């Protein structure tokens with residue numbers, strides 16, 4: 001049995017990996033990792049690292065628990081250095097958030113949004129976007145996002161209740 005958090009993170013991975021110019025996004029994603037511990041290299045950008053920061057009980061209801069997962073997404077790019085940092089950061093954050101609303105089988109921006117990670121969660125809420133910038137020989141910029149994910153689990157199996 002796959003834990004609820006892993007099911008959700010797997011679906012997030014499937015959606016984020018479809019970020020490409022062909023699908024209407026601003027960049028072609030080169031590297032996507034979950035909870036990577038080492039910095040990305042210049043050649044791996046545009047890149048995303050994502051991980052759950054916290055997962056807590058929100059409410060206990062008969063036969064189910066409501067939980068809230070705080071998802072962090074780092075999205076970095078080293079192209080478009082002529083754009084203001086805040087504009088590039090907002091563009092990358094928009095790409096990542098829009099990708100979460102597109103099903104893997106319909107990943108284009110113009111495709112109809114797929115609600116709630118295909119039924120795995122009750123809601124996704126973008127809580128914050130923090131611009132990020134790297135220094136040195138190959139500067140990069142990006143966005144660090146916090147997304148609140150609310151979902152329901154069976155308290156006996158810890159599996160998602162769709």
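Observations
- Near-label residues of the stretch 42-66 by backbone N, under 15 Å of a point 7 Å along Cα→Cβ of residue 13: 48-52
- In percent, rounded to a whole number, the relative contact order of the stretch 4-153 is 26, using alpha-carbon pairs under 8 Å and six or more apart.
- The alpha-carbon atoms of the stretch 1-61 define a convex hull whose volume equals 132 cubic angstrom per residue.
- Label-to-label distance for residue 86 and residue 154 is 4.9 nm, based on points extended 7 Å past Cα in the beta-carbon direction.
- For the options 95, 28, 111, a Gaussian network treatment of the chain with springs between C-alpha atoms closer than 10 Å singles out 111 as fluctuating the most.
- Averaging the Cα positions of each part gives two centres, and for the stretch 67-122 and the stretch 39-53 these lie 14 Å apart.
- Candidates 91, 57, 124: whichever shows maximal mean-square fluctuation once the chain is modelled as a Gaussian network with Cα springs under 10 Å: 57
- An ellipsoid equivalent to the stretch 86-127, defined through the eigenvalues of its Cα gyration tensor, has semi-axes of 20, 14, 6 Å when rounded to whole angstrom and sorted largest first.
- Helix 4-16 and the long axis of the chain differ in direction by around 30°, with both axes built from C-alpha atoms.
- Mean separation of Cα contacts under 8 Å, 6 or more apart, over the residue count of the stretch 78-162: relative contact order %: 30 percent
- Reported label for calculated semi-axes √(5λ) of the Cα gyration tensor in Å given (1) 26, 17, 15; (2) 71, 20, 10; (3) 30, 17, 13: (3)
All of the numbers you see were taken from the coordinates with simple rules; none came from a lab. None of the values given here were measured: they were computed from a predicted structure. Every residue, glycine among them, receives a Cβ derived from its backbone with ideal geometry; neighbour counts consider all protein chains shown.
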